[in-house]
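To keep things clear, I will list the structure first and then write my remarks on it.
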Amino acid sequence: MNWYKYASPTNFYPLAGKMIPWFAIPSAILFVLGLYVGFFVAPTDFQQGDAYRIIFIHVPSAWMGMFLYLLMAFYAAIGWAFNARLSSMMASAISITGAMFTALSLVTGSLWGKPTWGTYWVWDARLTSTLILLFLYIGFISLQASIDDRSRADRAGAVLAIVGVINVPIIYFSVQWWNTLHQGASIRLLGKPTIAPPMMAAMLIILAACWLYSIAVVLVRLRQIIVEREQTAAWAAEARA
Amino acid sequence: MFRWIVVRDLTLAWKSRVDVLSTLFFFLIVVSLFPLGIGPETNLLRLIAPGVVWVAALLASMLSLGRLFANDYQDGTLEQLLLTPQPLYLVVLGKVLALWLVSGVPLALMSPVLGIQFGLSGNTLFVLVVSLLLGTPVLALIGSIGAALTLGLRGGGLLLSILVLPLYIPVLIFGSGAVDASITGMGLQGSLSLLGAVLVLSLVFAPWATSAALRISLE
Amino acid sequence: MGGYAFYVWGSYLATLILMGGEVVVLLRRRKLSDQQKRSTSVVQGKVITNETTS
Amino acid sequence: MLEATSLGCVRGDRRLFTNVNFALGPGSLLQVQGPNGSGKTSLLRMICGLLAPAEGEIRWQAANIHSLGEEYFTSLAYIGHRNGLKEELTPIENLRVASGLTGTQLSHDEATIVLGKVGLAGREHLPARILSEGQRRRTALARLLICKAPLWVLDEVLTSLDSSAVRFVTSLIREHTNKGGITVVATHHEFDLPADSYQRLDLA
């Protein structure tokens, strides 16, 4: 079984098509299951009442946003180092879903902040770092959008992603440091209520659902990018012939 | 050969003094806007002074990035710089050093004048200058990556700021943290040493990333 | 929901809007490029598209 | 010895040329011809190492130019479409900077002599932006006189030059070829050189 032939976009296209339902359907199932566990099985928290149920989507989306950035940078670096177009396309496909998850975690984070701290935006270390991560995503997406030549866009994006990955820990550390500097004891966003098993179960189920969702959406967008790139190449060849 | 790059860029900057000065005037004007916006009472101004001066330094040094590669790209000298027998890493370092000498250092030396406007005392002014002297090279180094990536793109200036500002945040935090610490009398070795660490890290990584970005943009 | 209904349902509504929106945008993008592909291949030989390629 | 094997180039999504092969021994000249947009400039930039080939390989003295890195540039002189001059600097300053960057120190009078040879006598001290396009092109060409690079890559060098400048450039190239140098030039101008050292490559 020669795996190498799937490295070329045109061969990977049908394979991706077959894989999508295998990820999309389980993702929907897990979502429903996770929500059911989160809302009916998990008890009401004595401290925060039912407001804490927001963390079932807030925490997984924050993790997804973070991990997809690292995955994007990995694919971009591979695409640049080995001149593998498919891998660079993968990075571009991941970037939008990653940005979506980061934005989602910010929205749910602030909606959760209101009942627990009384304000929509808390300059907490994790929320602020997630905001900066969103800026890094926006930088990557807008850089790739403003370059017409695809191979330059891929490689320029790769450089930015690698520089971004080196900076992410520094940014997280500096925000953490800044947070302790100005607020003394940092109020932990999670509030660390006793995590009852069903709560943790709900969160992990939804995390798995987000994972499957991301793979499905990224594969669809990847096929879309392959089609659009091959189309322009075909037109160009056609026009020149 | 490294000397030639720096000499060349310094003479060029000297010949087009106007837009070098405009970066400094921008810094001056932006900082002076804040008291007009917030009100003249000094204890409030003293509180916000580190942040204001540092954000203005950030924006001013980002404006000066436009000059780093853009006109060399237009007149074809950038290609020649890529074809010199010395490593591109050194060429980039030379250009960034020249840019820093022309925009970063005067910025830092001018900052005490603004500090006084904000009611900062002698010792803090000294810390302000030191933190800016340590910080502005990092701004130039990281900014050079963005300048190389957005070479020749439409909407370059705006795109450059979207790429580079998030990467500037650690420098902003450590820099203004140092000045803030000296105002409140807390130990400022922590933030200055962190700033120094970021400087060393960007001195090592940034030129490599910039030369890779230059090769990509000039394909 | 103990008085927090607005925030809990609000955040799940946001989840629906963002994740659902992403899928809808993606599917519409695919439909759009399929139409373009059909319009080019329908005209045999000569390449005619609704927007000129540079 | 400059060798290219099965070179291919893809710009954006268009394949400009493929399977280009040539071998240039000392004292030979390759003239690259073809309509606009056929990839002449891309081929020349590929030879300089500015553009990575999509397929194939270029070897200088039997070593791949990408593995040679900066060493390769000591033996290369490239003049592209754009002159590579700074508008604010005078020809003398431009020349001295160019030579300084390649490691050879050029004094003020040496620069003046070279500029005199290129036909810029008396205009050495004017900022380049005042000079005409032809004069700026001559200043760019002056770089060829001062560098000792055996490989010259010239892109449309003869455009916007008057007849005396064209004669000067062709004599320069002939002298370079006789001394055992290699030249790759993209132009429609015919050079009168001995047949065995004259190769043509048509990218139509």
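Going through (1) within 22 Å of the chain's Cα centre (by Cα); (2) more than 14 Å from residue A:157 (Cα to Cα); (3) surrounded by fewer than 17 Cβ atoms within 10 Å (Cβ to Cβ) one by one, residue A:49 falls short only on (1). Within region A:52-60, identify whether any single residue is in contact with a helix residue (DSSP H, G or I) (Cβ under 8 Å, 6 or more places away or on another chain), surrounded by fewer than 17 Cβ atoms within 10 Å (Cβ to Cβ) and either part of a helix (DSSP H, G or I) or β-branched (Val, Ile, Thr) (or both), and answer yes or no. No, region A:52-60 has no match at all.
Of the residues that sit in region B:166-177 and are aliphatic (A, V, I, L, M) and touching a Phe, Trp or Tyr at 6+ places or on another chain (Cβ under 7 Å), which one is surrounded by the most Cβ atoms within 10 Å (Cβ to Cβ)? Full working, then the answer.
Applying the first criterion (aliphatic (A, V, I, L, M)) to region B:166-177 yields B:167, B:169, B:171-173.
Still in the running and touching a Phe, Trp or Tyr at 6+ places or on another chain (Cβ under 7 Å): B:172-173.
On the way: B:172: 20, B:173: 25.
Residue satisfying both the conditions and the ranking: B:173.
For region B:1-46, the candidate set comprises residues that are among the hydroxyl-bearing types (Ser, Thr, Tyr) and farther than 20 Å from residue B:124 by Cβ; within that set, the residue that is surrounded by the most Cβ atoms within 10 Å (Cβ to Cβ) is B:23. With respect to (1) out of contact with any Leu (no Cβ under 9 Å at 6 or more places or on another chain); (2) aliphatic (A, V, I, L, M); (3) without any contact (Cβ under 8 Å) to a residue 40 or more places away in the chain, the lone exception for residue B:83 is condition (1).
Being under 23 Å from residue D:199 (Cβ atoms), of a type outside the set (Gly, Ala, Ser), within 14 Å of chain B (Cβ to nearest Cβ) and assigned to a helix (DSSP H, G or I) narrows it down to one residue among D:95, D:141; which is it?
Working: D:95 fails: under 23 Å from residue D:199 (Cβ atoms).
Sole residue among the options that is under 23 Å from residue D:199 (Cβ atoms), of a type outside the set (Gly, Ala, Ser), within 14 Å of chain B (Cβ to nearest Cβ) and assigned to a helix (DSSP H, G or I): D:141.
State the number of residues belonging to region B:183-194 that are in contact with a helix residue (DSSP H, G or I) (Cβ under 6 Å, 6 or more places away or on another chain), surrounded by fewer than 24 Cβ atoms within 10 Å (Cβ to Cβ) and more than 8 Å from chain A (Cβ to nearest Cβ).
Start the filter on region B:183-194 by keeping residues that are in contact with a helix residue (DSSP H, G or I) (Cβ under 6 Å, 6 or more places away or on another chain), which leaves B:183, B:188, B:191-192, B:194.
After this cut, where a residue has to be surrounded by fewer than 24 Cβ atoms within 10 Å (Cβ to Cβ) as well, the list is B:183, B:188, B:192, B:194.
Of the ones still in play, those that are also more than 8 Å from chain A (Cβ to nearest Cβ) are B:183, B:188, B:192.
Number satisfying all stated conditions: 3.
For residue A:144, the criteria (1) within 9 Å of another protein chain (Cβ to nearest Cβ); (2) closer than 17 Å to residue B:158 by Cα hold in every case but one, which is (1).
Only residues that are among the polar types (S, T, N, Q) and either modelled with pLDDT under 85 or surrounded by fewer than 15 Cβ atoms within 10 Å (Cβ to Cβ) (or both): list them for region A:21-46, please.
Listed by number, the list holds a single entry, A:44.
Here residue A:181 meets each of (1) at pLDDT below 80; (2) within 20 Å of residue A:102 (Cβ to Cβ); (3) of a type in the set (A, V, I, L, M, F, W, C) with one exception, condition (2).
Filtered by the rule that a residue be among the polar types (S, T, N, Q) and in contact with a Ser or Thr (Cβ under 8 Å, 6 or more places away or on another chain), region B:178-192 gives B:182, B:191. Annotation: of all residues in region A:76-107 being among the hydroxyl-bearing types (Ser, Thr, Tyr) and more than 14 Å from chain C (Cβ to nearest Cβ), the one that is surrounded by the fewest Cβ atoms within 10 Å (Cβ to Cβ) is A:87.
Quick check on my filter: what residues within region D:55-74 are of a type in the set (S, T, N, Q) and at the interface with chain B (Cβ under 9 Å from one of its Cβ atoms)? Give the derivation first.
As a first pass, look at region D:55-74 and keep what is of a type in the set (S, T, N, Q): D:61, D:64, D:67, D:74.
Within region D:55-74, just D:74 meets the criteria.
The values are calculated or read from the model by the stated rules, or taken from the named source; none is laboratory data. Since we're looking at a predicted model, the values are computed, not measured. Cβ atoms come from the backbone with ideal geometry, glycine included; neighbour counts cover every protein chain shown.
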